Every structure is written in structure tokens, then in C-alpha cells.
Amino acid sequence: MTASIHPSDLQNRLIAYNQAKNNSIFSVLFASGLLIFAIVSSSGNTKPVITGTVCVTAYFGRRQRQQAKMLEEEIGIIDKAAITNRMARYSTLMSPTATLVIEGKQSTQYSLENLISDPVGYIQKCQKHVALIGGTGDGKSTFTQYLASKIGGRVRIYDSDCKPDEWAWLPPEDVIGRKGNFTAINAAMGEDLRTLEELVELRGEDGDAAIAGRERFLVAEEFPVLVDECDHAKFWLKRHAKRGRRYKQFILAIAQNDTAENFGLEGDKDTLYSCFVLVRLGMFAVEHAKKLKDKQLEEWLKQGGKKRFLLDDNPCELDLSNWTANTLIQIQEQPEIIEKITDTLPLNEYEDYIYSWGILNPNVILKARTLKQQSRLFDGMTPEDIRVIFAAMADNNYGETIGNGNQMGWRYKPKN
């Protein structure tokens, strides 16, 4: 019978069996003691009370004994089941997945089902906005730039403390608020609200095709300062949270606290938890693990530094320590890449995205499925639609196709 019980359930049943068995033994001993006391007691008034207590205790003990027998029948041979349970736990301790330090050198693991290594894929699958929570030095800026480069759509940044070298890979007009210019941020947020209303009207009249190519990823750093300084900020956040996803207007809001009030959503925490993926970095992740009463998760986060954090309640591991040096910043630093991307101007936005990806990933074959996972720009397309784009680009000497049919991929090749 033990073989058919899941290890986690077996552990619970063994605990329940031992509790029932101990309760049964204790009840027998307690009832016997009370019975002896009733016999030797000289007070006639207490004997009925004691006798009643003995009966209740004996009944409880009998029920506990029945429970223990029932669990024993389900589990099988108890000693063998205990060994099976220990072996399952040791197997977990030794499996080659993410290590959780419990105490000293003893460790346990997060299974692959729990550990997330692709936060972009997780966020895209959820189809939610992002609320990023972290303190100074926790890696908020690096994670934000990484996510913005992968998520798809036109990226726009609202940051009053933005340094000159930050967001160098974006057009200057899409980085708003430098040098504490909250007036510019407020005006741009007002423009975003009008754009959202325009998209609502367009989609209502002509369907999704009318808003194709208008996808945006808006980054706001940071709350609640923006709420204090910008009249539009609170309504901007709530309006996009409720309606932006349907019109491909996704936002990332950055703060140093995970309360709804900190995001300008006083009394409306449901919006925060239902419309956003909460990304908690550093000690905010550790504190959340404490709230979850998950000591293993707490220790795992402490051991991993910046590369370990939480997506909602899920552990995530992603090392971005070398990401900035060898990715999008290359485009700004290497004139030959700028020249190559300039050559793509005749392409439409879908082809341009593919060709730019190829320049940054030479000799890598791009598949339709990978492309849909990396960018929301291709959400409305089937894999076959994307393969048609691959073939058309190859015909026009923009890269080459590899394979046929469903296996077709595209690879960058310098133009002749």
C-alpha cells in the first residue's frame, strides 16, 4: 500500500498515525488513573463526575485507537513505511536542483516545478503588469532593463533620478523626467491616458487589427514619489492596471514597499494582487518568505544574493551580474552594429525586430515558438504566420531560413 502513497502524503499519515497511537495510550493511562482514584475516594459526590470523565476519556481513546488502525491499514507495515519516507526525503536532499540551506551544511531542494528560471516567460504567461519591490542595491535597475529589453513593445521610461548613462539603448524622447522633471512625467502620463482611450475606441470599431503595432511597456520609477508629485500618477496606474492589458499597454511600477498604499492604491489591494505580478528582491523577498512561514525558502533566498528573488510566491533564480556588459549596450558602443540596424529601416516592425535579434545573436537559429515567448509583439500571430515572415525576409536577402515546414527557423546572415 505504501508504494501508492505520495511521499508528502506518507509523511503526513505517519505523523497522524503516531499522534493517534500516542493519544490512545495516554487516554488508557489517564482513564485508569481516574478509575483508581474513584475507587479509593471517600467522597461520594465526586465519584459520578470522575466516572463520567473516565467514560469520555475511554471513548476518546477508543476512537484514537480505531484511527490508528485505519491509518496502519492504509500505510502498511509501519517500519517499512517510515524507511520509505526517510528515503524519499533523502532523495529530495540529494537531487541536483536549486539548493536550500536549512542549517549548518544540511540542505534540501526546490523541485523544478517550483523554481522559475525564466521570469519573462512567467510574466508573459500571466499576462499581468509588474510591480517591482526592492531596496537600494537590490538590482532593481538591472532587472528593469533586462525585462524591458525582453518583454516586447515600445519601451517608455518615467524616472526623475535617471542618470545620463542609464537607458542608453532607448531613444532620448522615450526617457522622461531626467533631473527631477516631474512636470514632464505628469504630462506624459496624461498623454498615456488619452492614448489608452484612443485604443479602446479603435479596438471597439475595428477589432484587434486596429491596434496592432501599438504595444508599449511603460516603466514608472518610483512610487509613491510619483503619486506625490504627479497629479496623473494614481489614476494612470489604476487605469492601466484595469484596462491596459487588453490593449497591450503594460506597465512596470517600481517601489520600495509592497503595500497597496505605497503604489497609490489606498484601500484597493485587490488591484495590486490581481493585476500585477509582484517581483520582490533582496530582503523584501526574505520578509515575504517569512510571512509565508517557509523557512526553507527564506534560507534559500539569503544564500543566493541578487540572483534569487520571488515572483509572487514562487522562487526565481536568474544571474544578471554580467548581463549589461554584453547585451543591448553593445548597440550603443559598436558603430558597426548601429550601421547594420540602420540597414533594416525598409523592414516593417515585425521584420525589424527579427533582424535586430539576429544581429545580436549571430549563428543562432530563431524559431517561431521562441519568438512568441520573447515578445508580445507577435501575440496575435500563429507560428505559421511567423514562418511566412521568415521566408519573406530570406527571399529579400535578410537572413536565411533553416529547415522546412514546422521545423523552419531563421538565422541572421550578413547581406551580400
*Cross-link partners among lysines for LYS21, C-alpha distance below 28 Å, same-chain residues fewer than 8 apart left out?*
LYS69, LYS80
*In terms of modelled amide H atoms, which long-range or inter-chain residues lie less than 5 Å from the amide H of ILE402?*
GLY409, TRP410, ARG411
*For the stretch 119-319, with only Lys/Arg (+1) and Asp/Glu (-1) charged at the beta-carbon, what is the dipole magnitude about the Cα centre, in debye rounded to 20?*
540
*Principal axis dimensions, largest first and in whole angstrom, of the stretch 119-319 by Cα*: 52, 37, 34
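Ranked highest first by the average count of other Cβ atoms within 10 Å around their residues, in what order do 191-200, 255-264 fall?
Packing proxy ranking, top to bottom: 255-264, 191-200.
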*In Å and whole numbers, how far do the C-alpha atoms of the stretch 359-416 stretch along each principal axis, longest first?*
32, 23, 17
_Those lysines that a straight Cα-Cα span of less than 17 Å connects to LYS293, excepting residues fewer than 8 apart in one chain_ = LYS302
*Cβ under 14 Å from MET408's Cβ, MET408 left aside: what net charge do those residues give with Lys, Arg +1 and Asp, Glu -1?*
0
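Read-outs throughout are calculated quantities, based only on the coordinates presented, and are distinct from any laboratory measurement. Source: prediction; values computed, not measured. In this analysis, Cβ positions are derived from the backbone assuming ideal geometry, glycine residues included, and neighbour counts consider all displayed protein chains.
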